[in-house]
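For reference, the structure discussed in these notes is given below.
The values are calculated or read from the model by the stated rules, or taken from the named source; none is laboratory data. On a predicted model such as this, the values are computed, not experimentally measured, just so you know. A quick note on method: Cβ atoms are made from the backbone with ideal geometry, for glycine too, and the neighbour counts reach across all protein chains shown. Keep in mind that these areas ignore ligands, DNA and RNA; they rest on the heavy atoms of the full protein, side chains included. Shrake-Rupley method; radii C 1.70, N 1.55, O 1.52, S 1.80 Å.
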Amino acid sequence: MQSYQKLLLANKLWAAEKLELDAGYFDDLAADQKPEFLWIGCADSRVPANEVTGTHPGEIFVHRNVANLVVHTDMNMLSVLQYAVEVLKVKHILVVGHYGCGGVKAAMTNKDYGLINKWLRNIKDVYSKHETEMKAIENDDKRFDKLVELNVMEQVKNLSKTTIVQKAWKERNYPHLHGWVFDLHTGLINSIIEILPGAEIESIYQYDFEETPTAELPQVYQH
Ligand code: CO
């Protein structure tokens, strides 16, 4: 049997087990989703959102990319964020990095990795922003761990700089933003940062929604 065929077989067993425990399981699953959490995690195969948090299908809305980045021009991430915040109205957004992250490690080198250089550049910017702190750490492993943590912290801050999050904070006092780091050696998650609605954001990133009503758009754009 080919490896991928095992997945299909396992899927049949999984579905049968669910039905055995609850005959209406898939009717309920298909009816709706009301996840309370948005998970923005690394694409790494060792950090599956549901498994490490003991949650089930329907409980976490998930977006994953290399090194769990929140890049303000990333339409993919922003679309997930907008849907999660404005439609699903999630209460918590979890940016979840992990020690031993290959993306972060690659960004710490001077190697040319091709196209992914452009993505990893965002992590190099985090390093640059915290260069003094980074250079003060002599141990290579500890410096690597620190950049994983700083990267998560900056991505959580990036969330707070979006109009999507700021608008939701104003309208419903949610979502809470959390930065977590998963430890592959222990299976445990460390909480690194939490940003709550009303937190002070660097003024240049603050949006004043009242001053830009749609009614003031030029006539040509009105239908
Ligand atoms: Co990773």
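Per 5 Å bin from zero, what fraction in whole % of the C-alpha pairs of the chain is there, up to the bin with the longest pair?
Each 5 Å bin holds this share of Cα pairs: 1, 6, 12, 15, 16, 14, 12, 9, 6, 4, 3, 1, 0.
How far, in nm, would the chain grow between Ala31 and Tyr4 when pulled straight, counting 0.36 nm per residue and subtracting the alpha carbon separation?
Fully extending the segment from Ala31 to Tyr4 adds 6.8 nm.
Could you tell me which residue out of His92, Leu150, Trp119 lies farthest along the dipole of segment 33-212 toward its positive end? Charges go on the beta carbon: Lys and Arg +1, Asp and Glu -1, centred on the Cα centre.
Trp119
From the helices alone, meaning DSSP H stretches of at least four residues, give me the mean residue ellipticity at 222 nm for the chain, per-run term -39500 (n - 2.57), in deg cm²/dmol to the nearest 500.
Calculated from helices alone, the mean residue ellipticity at 222 nm is -12500 deg cm²/dmol.
Relative contact order for the chain using alpha-carbon pairs under 8 Å, separation at least 6, rounded to a whole percent?
The normalised contact order for the chain reaches 19 percent.
Whole angstrom only: what separates the Cα centroid of segment 110-145 from the Cα centroid of segment 37-103?
Taking the Cα centre of segment 37-103 as reference, the centre of segment 110-145 is 22 Å away.
Describe numerically, in nm with one decimal, the distance between label points set 7 Å from Cα along Cα→Cβ at Met108 and at Arg172.
Modelled inter-label distance: 4.0 nm.
Can you tell me what share of the DSSP beta bridges in the chain is antiparallel? A percent to the nearest 5 is fine.
Rounded to the nearest five, the antiparallel share is 25 percent.
Please work out how much length the chain gains when fully extended from Ala23 to Ser45, using 0.36 nm per residue of separation minus the C-alpha to C-alpha distance, in nm with one decimal.
Taking Ala23 through Ser45 to full extension adds about 4.8 nm, to one decimal.
Any idea of the accessible area per residue across the chain, 1.4 Å probe, to the nearest Å²?
Counting only protein heavy atoms, the per-residue value for the chain is 63 Å².
Quick one: how many Å² of Lys135 are accessible to a 1.4 Å probe, rounded to 10?
130 Å²
By accessible area of protein heavy atoms, probe 1.4 Å, what ranking do Glu59, Glu202 get, highest first? Don't skip to the end; give the middle numbers.
On the way: Glu59 70, Glu202 120 Å².
Largest to smallest exposure gives the sequence Glu202, Glu59.
Once you charge only the Cβ atoms, +1 for Lys and Arg and -1 for Asp and Glu, what is the size of the charge dipole of the chain about its Cα centre, to the nearest 20 debye?
That gives a dipole near 620 debye.
May I ask you to give the percent of accessible area on the chain that is carbon plus sulfur, with a probe radius of 1.4 Å?
Percent of accessible area from carbon and sulfur atoms in the chain: 53.
Roll a 1.4 Å probe over the protein heavy atoms and report the accessible area of Met108 in Å², nearest 10.
Estimated to the nearest 10 Å², Met108 gives 60 Å².
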